[in-house]
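Presented below is the structure to which this report refers.
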Amino acid sequence: MTTPIIRINQLDKSFGTLKVLDGLSFDVMPGEKLALIGPSGSGKTTILRILMTLETISGGHIEVCGEQLYHMQKGGTEVPANEAHLHHMRRHIGMVFQHFNLFPHKSVLDNVTLAPMLTKGEPKAKAEARAMELLDMVGLADKAKSMPSQLSGGQKQRVAIARALALQPRIMLFDEVTSALDPELVEEVLLVMKRLAAETDMTMLLVTHEMGFAHEFADRVLFFDKGRIVEQGPPDQIFRNPEHERTQTFLRKIIAAGHRV
Amino acid sequence: MQWDWTFVAEIMPTLLQGLKLTLLITLLSAIVAAALGLVFAIARRSRNPLVARPVSFVIEFIRGTPLLVQLYFIFYVLPDVGILLPPLVAGVIGMGLHYATYTAEVYRAGIENVPKGQWEAARATNLTTRQTWVHVIVPQAVPPMIPALANYLIAMFKETPLLSAITVLELMNQAKSVANSSYRYIEPMTMVGVFFLGMSLVSVVMLRWLEHRFGRLGK
């Protein structure tokens with residue numbers, strides 16, 4: 001029996017008086033492709049940001065690759081994780097952002113090689129060879145010397161995917177990665193992600209409004225509302241035969257807005 | 001009153017000596033302002049209110065009072081409490097401190113100008129805090145600061161005559177002393193003006209180039 005790669009247990013998160021996540025618990029198995037869907041403000045992006053340690057948590061526990069993410073043992077008792085522990089844990093996780101967040105002052109190639117060279121001490125030649133492989137995989141090997149400002153949104157996002165992959169994380173987080181793109185550029189990014197899902201055994205968590213893609217991509221779909229999981233299951237069940245009324249309403253609205261399922 | 005070129009030639013060495021000191025003061029004060037400004041900017045960003053508050057107060061206090069008054073304080077009042085500074089040192093401290101409150105603001109704006117997403121991307125690629133500053137934040141924050149910093153450098157240069165008030169023998173004071181001893185003002189004062197104008201024109205051209213090269217803050 002395999003053990004979960006991510007275990008979220010009674011997770012709470014508040015921003016001031018606003019409760020964003022409310023006693024949330026779920027597990028993710030290694031290699032699983034998870035789609036997190038739900039209305040805006042339902043907390044799905046917050047979960048990814050918490051897993052990337054871009055936020056703090058208000059309560060509960062998260063275990064990643066068998067270790068506590070936000071806690072550590074000190075003299076036999078559990079204390080909040082310090083920066084060194086977070087740094088140690090972050091090597092398991094990579095993230096792709098809605099707005100790409102490429103380093104604008106560095107070339108495409110340098111964007112991909114920077115972190116492996118700094119955080120893993122990889123020699124330049126090795127980091128660049130691997131970066132070129134990854135850029136080739138996302139179809140941008142010919143743009144290696146370009147600056148991010150010379151790329152289209154879809155190209156930027158593919159570079160961002162290569163940058164995250166360069167660190168060889170076991171878990172990849174995709175936060176609405178096509179939401180900031182012009183409609184005609186969405187497909188090229190989704191294609192890269194499909195290939196990635198097919199060719200690697202990485203665990204992937206995807207927050208998206210692209211229901212068609214979620215259906216095709218995910219092994220399991222989690223529907224969130226108000227910081228809780230309302231319903232979860234295989235994509236066929238959630239999209240074709242949702243049990244919960246809130247899921248049905250949400251999907252109806254999405255379809256009415258012109259998204260295909 | 002007649003313009004006398006021989007008198008100009010005669011006082012030129014003295015004036016050039018003053019100019020040299022003026023340039024030295026500008027350079028030293030600029031270094032103090034650049035370094036101290038960074039300290040102010042970082043202290044003001046501190047999460048500890050016991051650090052951030054007093055520093056903010058000091059900055060507002062320095063900005064809210066004239067440089068001339070501050071120079072008098074440093075040079076004429078501090079000796080009363082046992083701190084006796086040579087004129088040049090007092091001048092450099094006064095100018096440097098005064099302009100540090102302005103460069104601090106430039107640094108702050110430059111750092112805040114770097115989008116939050118850059119910090120997050122650095123964190124997501126697991127860079128340490130130091131690596132984030134060195135490889136991600138500073139390279140993006142500094143270029144837009146350069147024109148603004150250069151602007152303050154020019155402003156500082158033109159304020160150096162204030163130091164004549166605390167007996168520093170910079171360009172203005174040298175001109176004043178030759179004028180006072182010869183009773184001829186037109187040549188020394190004109191030459192002071194010409195020197196400052198010449199240097200300013202050169203710096204304006206350089207500033208235009210810097211703005212073109214690095215862009216402006218808050219565009």
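The values are calculated or read from the model by the stated rules, or taken from the named source; none is laboratory data. Just so we're clear, the structure is a prediction, and the values are computed from it rather than from any experiment. We place every Cβ from the backbone using ideal geometry, glycine too, and count neighbours over all the protein chains shown.
Of all residues in the range B:33-83, those satisfying the criterion of being more than 19 Å from B:GLU112 (Cβ to Cβ) and hydroxyl-bearing (Ser, Thr, Tyr) are B:THR65, B:TYR72, B:TYR76. Any residue in the range B:132-145 that is within 14 Å of chain A (Cβ to nearest Cβ), among the aromatic types (Phe, Trp, Tyr) and not in a loop (DSSP other than H, G, I, E, B)? The answer is yes, given that some residue of the range B:132-145 is within 14 Å of chain A (Cβ to nearest Cβ), among the aromatic types (Phe, Trp, Tyr) and not in a loop (DSSP other than H, G, I, E, B). Conditions first: (1) among the hydrophobic types (A, V, I, L, M, F, W, C); (2) touching a Ser or Thr at 6+ places or on another chain (Cβ under 9 Å); (3) loosely packed, with under 12 Cβ neighbours inside 10 Å. B:ILE83 passes all but one, so which condition is the exception? Every listed condition holds for B:ILE83 apart from (2). If you go through the range A:21-61 and pick out every residue that is within 19 Å of A:MET95 (Cα to Cα), more than 16 Å from the chain's Cα centre (by Cα) and not polar (S, T, N, Q), you end up with 1.
Residues in the range B:110-119 that are farther than 13 Å from B:LEU38 by Cβ, touching a helix residue (DSSP H, G or I) at 6+ places or on another chain (Cβ under 8 Å) and part of a helix (DSSP H, G or I): B:GLN118, B:TRP119. Applying the set (1) in a helix (DSSP H, G or I); (2) of a type outside the set (A, V, I, L, M, F, W, C); (3) touching a Phe, Trp or Tyr at 6+ places or on another chain (Cβ under 7 Å) to A:ARG195 leaves exactly one unmet item: (3). Evaluating B:THR65 against the criteria (1) within 20 Å of B:LYS158 (Cα to Cα); (2) part of a helix (DSSP H, G or I); (3) free of Cβ contacts under 8 Å to residues at least 24 places away in the same chain; (4) not aliphatic (A, V, I, L, M) leaves one unmet condition, (2). Answer yes if at least one residue in the range A:140-155 is within 11 Å of chain B (Cβ to nearest Cβ) and in contact (Cβ under 8 Å) with a residue 24 or more places away in the chain, and no otherwise. No.
Taken together, the residues in the range B:119-131 that are facing another protein chain (nearest Cβ under 7 Å) and under 31 Å from the mean Cα position of the chain (by Cα) amount to 1.
In the range A:72-94, the qualifying residues are those that are over 27 Å from A:ALA166 (Cα atoms) and not hydrophobic (A, V, I, L, M, F, W, C), and the one that is nearest to the other protein chains (Cβ to nearest Cβ) is A:PRO80.
Could you tell me whether the range A:182-193 includes any residue that is surrounded by fewer than 23 Cβ atoms within 10 Å (Cβ to Cβ) and within 24 Å of A:LEU51 (Cα to Cα)? The answer is yes; a qualifying residue exists.
Quick grid of which residues meet (1) more than 10 Å from every other protein chain (Cβ to nearest Cβ); (2) under 24 Å from A:GLU187 (Cα atoms); (3) acidic (Asp, Glu); (4) under 21 Å from the mean Cα position of the chain (by Cα):
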position: A:GLU67; (1), (2), (3), (4): yes, no, yes, yes
position: A:PHE103; (1), (2), (3), (4): no, yes, no, yes
position: A:LEU109; (1), (2), (3), (4): yes, yes, no, no
position: A:LEU114; (1), (2), (3), (4): no, no, no, yes
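A:VAL230 meets the conditions (1) part of a helix (DSSP H, G or I); (2) surrounded by fewer than 22 Cβ atoms within 10 Å (Cβ to Cβ) in every case but one. The failed one is (1).
When each of A:ILE50, A:ILE8, A:ILE37 is tested for being touching a Lys or Arg at 6+ places or on another chain (Cβ under 8 Å), away from every other protein chain (no Cβ under 14 Å) and of a type in the set (Val, Ile, Thr), the lone residue that passes is A:ILE37.
Against the conditions (1) modelled with pLDDT of 95 or more; (2) part of a strand (DSSP E or B), A:LYS19 satisfies every one except (1). Only one of the numbered conditions (1) among the small types (Gly, Ala, Ser); (2) surrounded by 13 or more Cβ atoms within 10 Å (Cβ to Cβ); (3) within 22 Å of the chain's Cα centre (by Cα) is violated by B:ALA52, and that is (3).
Against the conditions (1) modelled with pLDDT under 95; (2) surrounded by fewer than 22 Cβ atoms within 10 Å (Cβ to Cβ); (3) not small (Gly, Ala, Ser), A:ARG49 satisfies every one except (1). Selection over the range B:166-205 of residues that are loosely packed, with under 13 Cβ neighbours inside 10 Å and not β-branched (Val, Ile, Thr) gives a count of 7.
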